[in-house]
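**Q** Encoded as structure tokens, here's the structure I'll be asking about.
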Amino acid sequence: VEFFARTYVTEGMAGLLTEALKRVNSKDGEPVIQLKTAFGGGKTHSMLALYDMMRGKVSIEKLPNLKPILSKTGFSELPKVNVAVIVGTALDPNKAKRPAYMPGITINTVWGEIASQLAEAKGDPSLYDFVKEADKKGVSPGSLALKNLFDAAGPCMVLMDELVAYAKKLYGAEGLVAGSYDNFIAFIQEITEAARASKNSLVVASIPESELEIGGEAGKLALDTIEHTFG
């Protein structure tokens, strides 16, 4: 409530929120959205808006500046969406995680992280099984497994921030629990294909535009590859 009370919904943000609402309600919205702005240009703010709007925690009555967007899309209430959030700068590709809500499970990769978060949001630990073996081996699970995960968790949304920063950590490194750079790049392609093939899932990724954020040859290569895939 506080976030939206302090947020001026620009034309660009309204367009983003409209597409997202249509998509998770299976109404022809874009399944894959790339946010590309200069440093400090509002990528994270836009993702926070999506996160706060989609999780079904607050009624539209408490968010008056979202009412015009909701009425424009023809829906009467905000959806309850299962959300996974990936922030590349926060993830350590050389460290496994053991989530408290899934005892006995070790998360190694980005796809494992997404599946475990969706499993927690849905309240169904079995959703992790769609990528369990791929997560264990550090091999990208393939678009079909991801599509099935998204449909089982649907409606769902995956927010991916700082992907280039994460790819740089993988580039040229060997023996990481998170798998290789090539597997990560394969996963980026697979997750976009999976979102497109699924019923009501949405993938949103932020792509840096400034040289300051990219930093060096590995960053440039990662940016070009990721941007091309999302494009």
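**Q** Of the residues Ala195, Ala186, which is surrounded by 18 or more Cβ atoms within 10 Å (Cβ to Cβ), modelled with pLDDT of 85 or more, in a helix (DSSP H, G or I) and in contact with a Leu (Cβ under 7 Å, 6 or more places away or on another chain)?
**A** The unique qualifying residue is Ala195.
**Q** If we keep just the residues of region 51-62 that are in a loop (DSSP other than H, G, I, E, B) and of a type outside the set (A, V, I, L, M, F, W, C), which is nearest to Gly29 (Cα to Cα)?
**A** Gly56
**Q** Let me ask something else. Taking into account only those residues within region 32-77 that are closer than 16 Å to Leu21 by Cα and among the acidic types (Asp, Glu), which is modelled with the highest pLDDT?
**A** Among residues in region 32-77 that are closer than 16 Å to Leu21 by Cα and among the acidic types (Asp, Glu), the one modelled with the highest pLDDT is Asp52.
**Q** Does Lys147 qualify as being surrounded by 19 or more Cβ atoms within 10 Å (Cβ to Cβ), assigned to a helix (DSSP H, G or I) and more than 17 Å from the chain's Cα centre (by Cα)? Show your work before the answer.
**A** Working: surrounded by 19 or more Cβ atoms within 10 Å (Cβ to Cβ): yes; assigned to a helix (DSSP H, G or I): yes; more than 17 Å from the chain's Cα centre (by Cα): no.
Taking the combined requirement at face value, the residue does not satisfy it.
**Q** OK, next. Restricting to region 6-39, name every residue that is open to solvent by 60 Å² or more (accessible area, probe 1.4 Å) and in a loop (DSSP other than H, G, I, E, B).
**A** Within region 6-39, Arg6, Tyr8, Thr10, Ser26, Lys27, Asp28, Glu30, Phe39 meet the criteria.
**Q** Check Glu162, Glu174 and return the single one that is among the acidic types (Asp, Glu), surrounded by fewer than 23 Cβ atoms within 10 Å (Cβ to Cβ) and free of Cβ contacts under 8 Å to residues at least 12 places away in the same chain. Before you say what the answer is, go through the steps one by one.
**A** Working: Glu162 fails: free of Cβ contacts under 8 Å to residues at least 12 places away in the same chain.
None of the others qualify; the one that does is Glu174.
**Q** Moving to a separate point now. Being in a strand (DSSP E or B) and of a type outside the set (Gly, Ala, Ser) is the filter here, so list the residues in region 78-108 that pass it.
**A** Lys80, Asn82, Val83, Val85, Ile86, Val87, Lys97, Ile107
**Q** Does Glu174 meet the test of being more than 18 Å from Val83 (Cβ to Cβ) and assigned to a loop (DSSP other than H, G, I, E, B)? First the steps, then the outcome.
**A** On the way: more than 18 Å from Val83 (Cβ to Cβ): yes; assigned to a loop (DSSP other than H, G, I, E, B): yes.
In short, yes.
**Q** While we're on this one: In region 63-77, is there at least one residue being under 17 Å from Met160 (Cβ atoms), assigned to a helix (DSSP H, G or I) and touching a residue at least 12 places away in the same chain (Cβ under 8 Å)?
**A** no
**Q** When you go through (1) among the acidic types (Asp, Glu); (2) crowded, with 18+ Cβ neighbours inside 10 Å; (3) within 20 Å of Lys43 (Cα to Cα) one by one for Asp224, which number turns out not to apply?
**A** All conditions are met except number (2).
**Q** So which residues in region 198-221 are outside any helix (DSSP H, G or I), open to solvent by 10 Å² or more (accessible area, probe 1.4 Å), of a type outside the set (S, T, N, Q) and modelled with pLDDT under 85, if there are any at all?
**A** Those that are outside any helix (DSSP H, G or I), open to solvent by 10 Å² or more (accessible area, probe 1.4 Å), of a type outside the set (S, T, N, Q) and modelled with pLDDT under 85: Pro208, Glu209, Gly215.
The values are calculated or read from the model by the stated rules, or taken from the named source; none is laboratory data. Keep in mind the model is a prediction, meaning the values are calculated, not measured. Note that each Cβ is placed from the backbone with ideal geometry, even for glycine, and that neighbours are counted across all protein chains shown. Only protein heavy atoms, including side chains, enter the accessible area calculation; ligands, DNA and RNA are left aside. Shrake-Rupley method; radii C 1.70, N 1.55, O 1.52, S 1.80 Å.
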